[in-house]
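Working notes, structure below.
The values are calculated or read from the model by the stated rules, or taken from the named source; none is laboratory data. Model, not experiment: these values are computed from the prediction. Here the Cβ positions follow ideal geometry from the backbone for every residue, glycine too, while neighbour counts run over all protein chains shown.
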Amino acid sequence: GEDVEQSLFLSVREGDSSVINCTYTDSSSTYLYWYKQEPGAGLQLLTYIFSNMDMKQDQRLTVLLNKKDKHLSLRIADTQTGDSAIYFCAESKGLMNNNAGNMLTFGGGTRLMVKP
Amino acid sequence: KAGVTQTPRYLIKTRGQQVTLSCSPISGHRSVSWYQQTPGQGLQFLFEYFSETQRNKGNFPGRFSGRQFSNSRSEMNVSTLELGDSALYLCASSLGQSSYEQYFGPGTRLTVT
């Protein structure tokens with residue numbers, strides 16, 4: 001079955017790096033995503049990684065994928081108070097299984113609190 | 001380019017009523033997916049439409065239905081509302097059949113009393 005899990009909470013100091021972790025069970029996942037949700041808002045696509053990659057960097061964000069362990073992480077460098085939000089990890093099988101379409105399976109979200 | 005828009009943003013309904021929510025995808029996007037977000041169950045997939053056809057459906061009762069129009073705009077309908085239907089309903093749009101970038105709207109907050 002499909003399951004995506006994340007720790008519930010992470011607290012860091014402004015300027016430090018944050019690392020948010022995610023594990024998934026379905027080895028047929030083709031794309032893995034990180035979304036950010038601020039209070040009262042929708043989901044903002046931060047970054048994504050294809051399953052044949054092991055790392056992707058985009059400005060302050062670094063995504064690491066360990067496909068063998070089915071482990072995904074998001075590192076935010078120089079974390080700012082504006083980064084305080086809930087971060088969701090999600091997976092899709094779209095390209096490998098066209099019947100899955102664009103369906104995303106989400107983790108429960110990690111609340112990141114950044115202290116000044 | 002305008003983002004995904006959802007209307008209305010907030011809605012209060014009474015048990016037993018029905019409700020229709022609307023989603024306009026990003027211009028040029030042909031796939032629209034709907035998700036329900038609640039504190040207890042998190043984000044759950046409802047259904048996906050592509051070119052006016054439902055391609056995928058999540059594990060929700062038949063009271064939840066949707067449709068997509070020729071301009072790719074989508075509506076979802078919930079009939080015979082229950083208290084447990086109170087949630088944030090999010091719509092996501094993507095370019096095609098298997099697109100790796102999906103963009104979400106701000107959501108419609110539905111409260112059932």
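Key figures for this structure:
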| quantity | calculated |
| --- | --- |
| Residues of the stretch B:87-113 classified as over 16 Å from B:Phe47 (Cα atoms) and facing chain A (nearest Cβ under 7 Å), total | 3 |
| Residue match in the stretch B:30-48 (condition: more than 13 Å from chain A (Cβ to nearest Cβ) and under 26 Å from A:Gln44 (Cβ atoms)) | no |
| Residues (under 19 Å from A:Ala90 (Cβ atoms) and in contact (Cβ under 8 Å) with a residue 24 or more places away in the chain) located in the stretch B:56-75 | B:Phe60 |
| Selection from the stretch B:72-87 of residues that are surrounded by fewer than 20 Cβ atoms within 10 Å (Cβ to Cβ) and touching a Pro at 6+ places or on another chain (Cβ under 9 Å) | B:Arg73 |
| Failed item in (1) more than 28 Å from B:Tyr89 (Cβ to Cβ); (2) touching a Lys or Arg at 6+ places or on another chain (Cβ under 7 Å); (3) within 14 Å of chain B (Cβ to nearest Cβ), with A:Thr47 passing the rest | (1) |
| Hits in the stretch B:40-53 (condition: exposed (fewer than 15 other Cβ atoms within 10 Å of the Cβ) and under 30 Å from A:Glu5 (Cβ atoms)) | B:Gly40, B:Gln41 |
| Single condition B:Asn59 does not satisfy, out of (1) at pLDDT 95 or above; (2) not in a strand (DSSP E or B) | (1) |
| Residue list for the stretch A:72-99, filter: surrounded by fewer than 21 Cβ atoms within 10 Å (Cβ to Cβ), in contact with a Ser or Thr (Cβ under 7 Å, 6 or more places away or on another chain) and modelled with pLDDT under 95 | A:Leu95, A:Met96, A:Asn97, A:Asn98 |
| Out of B:Gly62, B:Gly96, sole residue that is touching a His at 6+ places or on another chain (Cβ under 9 Å) and surrounded by fewer than 16 Cβ atoms within 10 Å (Cβ to Cβ) | B:Gly96 |
| Residues located in the stretch B:41-67, provided they are over 21 Å from B:Arg9 (Cα atoms) and among the small types (Gly, Ala, Ser) | B:Ser51, B:Gly58, B:Gly62 |
| Residue match in the stretch A:32-44 (condition: over 14 Å from the mean Cα position of the chain (by Cα), assigned to a loop (DSSP other than H, G, I, E, B) and of a type in the set (D, E, K, R)) | yes |
| Scope the stretch A:57-77; condition out of contact with any strand residue (DSSP E or B) (no Cβ under 9 Å at 6 or more places or on another chain) and over 19 Å from A:Gln44 (Cβ atoms); matching residues | A:Lys67, A:Lys68 |
